[in-house]
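Report on the following structure.
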Amino acid sequence: MSSFIERPRFTCALGGAMATVTALPRAIPILHAPSGCAGNHAWTQAGGSGLQVGGYCGGLSIPGSNIQENEVVFGGIERLEEQVNNTLKVMDGDLYVVLTSCVTDIIGDDVASVVRPLREQGIDIIHAETGGFKGNSYLGYELVLESLLATYIPKAETKKKGYVNVWGIAPSFDVFWRGNLAGIRILLEKLGLTVNTFFTVDDSLEGIRSAGAAEFNIVVSDILGHKAAEISREVHGIPYVVSTLPIGPSASTDFLRTVGGELGLEQAFVEEVITQENRRYYQLLEPLTDCFNDMDLQRYVAVIGDANYAVALTRFLGNDLGWLPETVAITDVLDEEEQSTIVASLSSLTSGITPKIIFNGDSTVIAGQVKEHWTSHQGKNGKYNNPLTPAFVIGSSLDRPLALELGAAHLSVSFPVANRAVIDRGYTGYSGGLRLIEDLISTIIINR
Amino acid sequence: MSNFEQKEPPRREHRLSACIARGGTLADMANRKMKCCIPDGERGFTQNSICLLLPALGMMNSIPNSVVLMHGAVGCGSSAHGGNAGVRAGNAHRWGAAKDGTWLSTALDETDVICGGEDKLEKAIREVDQRFSPLIIFVVAGCVPGIIGDDIDGVAERLQSEVGAKLLPVHCEGFKTKIWATAYDAVYHALGRVMLQDTAENLALPKPKKPTVNLMNVSSMGRVDEVELERLLTALGLDANIFPVFAKPEKMYSMTHADLSISTCPTHDDYLLTYLKEKYNIPYIIKHMPIGIGNTSEWLRSVAEFFGLQTQVEELIASEEAELKKALEEFKPLFTGKKVFVSAGEFRALSTAILLAELGFEVVAVRSYHHDEFADEEYDKLAKITVKDFPLSIANCQPFEEANLIRRVKPDIFLGHMNGNATAAKLGVATAVIYNVGLQFVGYQGAYQLARRLHRQLTNPNFNQNISKWVNLPYSQEWYESDPFAYIKNGEVEG
């Protein structure tokens, strides 16, 4: 294992937690941290999250104890207590979430001792220990969810039929999180379900507090949100189902079938929805057929992204769009079991071709292996060569130099996305596939 | 003993008695020398902002053929994703091709926190040296090594003879200083200690043939602004070494051959300028920031005076000012009497406020990120050019104070830093960014370009006005009704 990560494609647990809390309706994060953590996060979002910084209370608006050397030596609890009490006066929120940092986790400040008495007074305040050394931004998302499930969301006596929670998409670090969550919700609503996505503008704290009444939890990630689902199963007695992020028609069809099956929905009804959605998708795609074929818009692809995107994009490109995924790099830190799930998923493309799979988060290593793959297919037959062209790199902004070297078009989808403005665009569901086709092809023909 | 003989530079709250918590009015500031009588206050409520690592990265990531090796948790340094646009553009403007900055993280984890991270750092340095063969590896400490006691200086010293790159330890432990301008000292410290030494190859560098000045830029100017200052200096027959941003490591030592060093922002540069004076006897000017009409002229005068070019400079100033003032006429009717709130690093805030007064705006509030002695004269200048007294805030951001103030002083336009304009925007106020390396701010041309942008923003502020009707800032009614400086403790000036 390397002793460093080159330009990590995530930030720390605290950064992920800030993004997650900021995405909750009218929630106020309170950092127990030195003065720079929110600013670091704001610049990270500005440079990596498709120009989306903060939200209701994000960026440099986030309150914090701004501890200094004095607190490192003598402890920071007194400062935190003052900060929290004054935050309740200055900030207008419905939920306050204290998030700790490297420094305060190392010095061992007992944050619960500040938060618990306030909660006992009826104030909606929780905390999560999110010191950056504990892990990356995806962990921060998990830790906030865990804290919500453990302390904020009450147990429900009865479950509501057809009510589901959706997890597995980390705000900000899935740059298209708003649109992706909305896309999942729209899909599930077709099955007549009521969907709690927690983090979109259409969610509410009231809805989140009723998460304990869900009939089912749906995790749309092979990696993220599993722990939350486990906790919810243990604490709230809610079963869960896991799916790969559904991008485009094939994956959405699988997703609807899986969910329908797990929830015991009438099969004929589910199949009817699937038929309608596929018909709609292909009717919308139909007018592109001329140009798609005439302009020779099929591409060899190098996919680079986190586990959610790398797999979902590859499956869409291979199974739906008829492109040729050659290499897939997964940039998360994954254990063996997680890796084998991904390998299995990528080894079952309908084209029968299995791309070269790279588990590595290091841009130089990824670029090296992708180039090696491309070079090895260059051929040495004089003027009759069969190289991997035309090519496309779908990854993050960090992969632009690679695309340039391969002479490939490039689209940033996975974090960091520095060169696109993203508001509510999403790639999930049937429509998400169409959005992705628009973006990929618009990139290819930009100089037309 | 010189500061440069220490491993770490002193923090600015000690070295300069710099402060960050103060609320009052311009008259308080201009009439009192704050340095001597303001023990820095504390806030009972604070918002998080940035630490010294962020501006330090802005400098380090620009250096060609360098690698920034962050020694810290995986999040420290991720702000470089945001800074990278400036690095790409900076490279493109100077050498014709966009190029990303190179940075890496040792990503210290729980095991490292318990067992120490020095071994990992050693390994990383060796690997980075091999992989990139850079001229410089900045070995940067975040908070974690500062607490667990990793000795980045010791590691660098041990490994220096084994690697090809020069190892530059840089201390950016965020909890150690609340004055993020300490960042400039931290990077200058490392550059001075390693790159500005009398090695054989450095001594072989050619000496300049023309009178040459060191023009300091710690990343507060983009290439467009450097070009404007070079244009003015060239008109006086002077060449410029620009340092440190985008300075090629192999030529950095040329600094020591200059006739004079000039700061372009006195908040930034005293630490290195003092070093160059003490070690290489290079005189320096740390006065005036060349933003605004009067200040650009004053800045030029001070440089010209050093070289005995008084006549030439007066001719240059007269012709530049005449041409600029004529060009600005078309904007003046819209500007006259419009209220403006200015927020930035201390010197930039003040010189920009002075420029806005020159353009006919009424300055209704200024927020400086910190205060130290270098800006005293600027407060006097601002007091002279403005008619009425107005609120002045010393705050390391703290947008809650700003939101409260904006609702009181009701500006027509707000000028703030990157990630610092949203508060005003969500209150429906037009804004113009006060610093962005892609835009022009400096010199006569900068004054004109800023005026153009202000005119454009004031002509159609619909984006902000619309958003303000539908979104709220996260502050309570109780807070808006409080004194904007209510949470500053020890805020009153004694005596």
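The values are calculated or read from the model by the stated rules, or taken from the named source; none is laboratory data. Bear in mind the structure is a predicted one, so any value in this text is a computation, not a measurement. We place every Cβ from the backbone using ideal geometry, glycine too, and count neighbours over all the protein chains shown.
Among the residues of region B:129-153, those identified as within 17 Å of B:Leu108 (Cβ to Cβ) and part of a helix (DSSP H, G or I) are B:Cys143, B:Val144, B:Pro145, B:Gly146, B:Ile147, B:Ile148, B:Ile152.
Per the conditions (1) closer than 25 Å to A:Leu24 by Cβ; (2) surrounded by fewer than 19 Cβ atoms within 10 Å (Cβ to Cβ); (3) within 14 Å of another protein chain (Cβ to nearest Cβ), the sole criterion not satisfied by B:Asp483 is (1). Set side by side, the residues A:Ser210, A:Ser137 differ, and just one is assigned by TED's automatic domain parsing to the domain that holds A:Val97 and either within 21 Å of A:Glu262 (Cβ to Cβ) or within 13 Å of the chain's Cα centre (by Cα) (or both), which is A:Ser137. Out of region A:354-386, which residues are of a type in the set (D, E, K, R) and not in a helix (DSSP H, G or I)? Residues satisfying the conditions are A:Lys356, A:Asp362, A:Lys380, A:Lys383.
Among the residues of region A:329-348, are any buried (at least 24 other Cβ atoms within 10 Å of the Cβ), farther than 23 Å from A:Ser431 by Cβ and out of contact with any Phe, Trp or Tyr (no Cβ under 9 Å at 6 or more places or on another chain)? No, there is no match, as no residue in region A:329-348 is buried (at least 24 other Cβ atoms within 10 Å of the Cβ), farther than 23 Å from A:Ser431 by Cβ and out of contact with any Phe, Trp or Tyr (no Cβ under 9 Å at 6 or more places or on another chain).
Condition check ((1) over 24 Å from A:Phe255 (Cα atoms); (2) in contact with a strand residue (DSSP E or B) (Cβ under 7 Å, 6 or more places away or on another chain); (3) not assigned by TED's automatic domain parsing to the domain that holds A:Phe173) across all residues:
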residue: A:Lys380; (1), (2), (3): yes, no, yes
residue: A:Tyr384; (1), (2), (3): yes, no, yes
residue: A:Val393; (1), (2), (3): yes, yes, yes
residue: A:Ser397; (1), (2), (3): yes, yes, yes
residue: A:Leu406; (1), (2), (3): yes, yes, yes
residue: A:Ile423; (1), (2), (3): yes, no, yes
residue: A:Gly429; (1), (2), (3): no, no, yes
residue: A:Leu434; (1), (2), (3): no, no, yes
residue: A:Ile437; (1), (2), (3): no, no, yes
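Taken residue by residue, region A:65-78 has at least one member that is charged (D, E, K, R) and more than 9 Å from chain B (Cβ to nearest Cβ).
Taking the criterion of being closer than 16 Å to A:Asp399 by Cβ and either touching an Asp or Glu at 6+ places or on another chain (Cβ under 8 Å) or surrounded by fewer than 20 Cβ atoms within 10 Å (Cβ to Cβ) (or both), the residues of region A:349-358 that qualify are A:Pro355, A:Lys356.
Restricting region A:389-401 to residues that are within 13 Å of chain B (Cβ to nearest Cβ) and in contact with a Gly (Cβ under 8 Å, 6 or more places away or on another chain), the residue that is farthest from A:Tyr300 (Cα to Cα) is A:Ser397. Within region A:426-441, residues that are within 15 Å of A:Leu411 (Cβ to Cβ) reach partners that are among the acidic types (Asp, Glu) and assigned to a helix (DSSP H, G or I) with beta carbons closer than 9 Å, at six or more positions or on different chains, in the pairs A:Tyr427/A:Asp439; A:Gly433/A:Asp320; A:Ile437/A:Asp320. Across region A:34-50, the qualifying residues are those that are in a loop (DSSP other than H, G, I, E, B), at the interface with another protein chain (Cβ under 7 Å from one of its Cβ atoms) and in contact (Cβ under 8 Å) with a residue 12 or more places away in the chain, and the one among them that is surrounded by the fewest Cβ atoms within 10 Å (Cβ to Cβ) is A:Ser35.
B:Asn84 falls short on exactly one of the conditions (1) modelled with pLDDT under 90; (2) under 20 Å from the mean Cα position of the chain (by Cα); (3) more than 24 Å from B:Asp153 (Cβ to Cβ), and that condition is (1). A single member of B:Gly72, B:Gly86 is surrounded by 24 or more Cβ atoms within 10 Å (Cβ to Cβ) and either more than 7 Å from every other protein chain (Cβ to nearest Cβ) or among the polar types (S, T, N, Q) (or both), and it is B:Gly72. Determine whether region B:175-188 contains at least one residue that is within 11 Å of chain A (Cβ to nearest Cβ), closer than 19 Å to A:Ser2 by Cβ, buried (at least 18 other Cβ atoms within 10 Å of the Cβ) and not aromatic (Phe, Trp, Tyr). Among the residues of region B:175-188, not one is within 11 Å of chain A (Cβ to nearest Cβ), closer than 19 Å to A:Ser2 by Cβ, buried (at least 18 other Cβ atoms within 10 Å of the Cβ) and not aromatic (Phe, Trp, Tyr), which makes the answer no. If you take the residues in region B:96-128 that are part of a helix (DSSP H, G or I) and more than 21 Å from B:Ala165 (Cβ to Cβ), which one is farthest from the other protein chains (Cβ to nearest Cβ)? This residue is B:Cys115. Restricting to region A:11-52, give me the number of residues that are touching a helix residue (DSSP H, G or I) at 6+ places or on another chain (Cβ under 8 Å) and at positive phi. So the answer is 1. Hey, could you check region A:11-29 for residues that are within 7 Å of chain B (Cβ to nearest Cβ) and within 14 Å of the chain's Cα centre (by Cα) and say which is nearest to B:Asp109 (Cα to Cα)? Out of the qualifying residues, it is A:Thr11. If you check B:Ala383, B:Ala425 for being under 30 Å from B:Gly90 (Cβ atoms), surrounded by fewer than 24 Cβ atoms within 10 Å (Cβ to Cβ) and not assigned by TED's automatic domain parsing to the domain that holds B:Val224, only one passes: B:Ala425.
Does region A:419-439 contain any residue that is within 30 Å of A:Ser243 (Cα to Cα), within 14 Å of another protein chain (Cβ to nearest Cβ) and either in a strand (DSSP E or B) or basic (Lys, Arg) (or both)? Yes. A:Gln83 - would you say it is over 31 Å from the mean Cα position of the chain (by Cα), crowded, with 24+ Cβ neighbours inside 10 Å and within 11 Å of chain B (Cβ to nearest Cβ)? In short, yes.
Do we find that A:Val53 is under 25 Å from B:Lys426 (Cβ atoms) and assigned to a strand (DSSP E or B) in this structure? So A:Val53 does not fit the description; no. The one condition from (1) free of Cβ contacts under 8 Å to residues at least 60 places away in the same chain; (2) under 25 Å from A:Glu81 (Cβ atoms); (3) not in a helix (DSSP H, G or I) that A:Leu31 does not meet is (1).
Within region B:231-273, the residues that satisfy the criterion of being among the charged types (D, E, K, R) and in a helix (DSSP H, G or I) are B:Arg231, B:Glu250, B:Lys251, B:Asp269, B:Asp270. Determine, yes or no, whether A:Val242 is surrounded by 24 or more Cβ atoms within 10 Å (Cβ to Cβ) and outside the structural domain of A:Ala46 (by TED's automatic domain parsing). So A:Val242 does not fit the description; no.
Figure legend. Inter-residue proximity from region A:86-110: first residues more than 7 Å from every other protein chain (Cβ to nearest Cβ), second residues part of a helix (DSSP H, G or I) and polar (S, T, N, Q), beta-carbon distance below 7 Å, spacing 6+ or different chains. Indicated pairs: A:Tyr96/A:Thr87.
Going through (1) more than 10 Å from chain A (Cβ to nearest Cβ); (2) farther than 23 Å from B:Arg43 by Cβ one by one, B:Val471 falls short only on (1).
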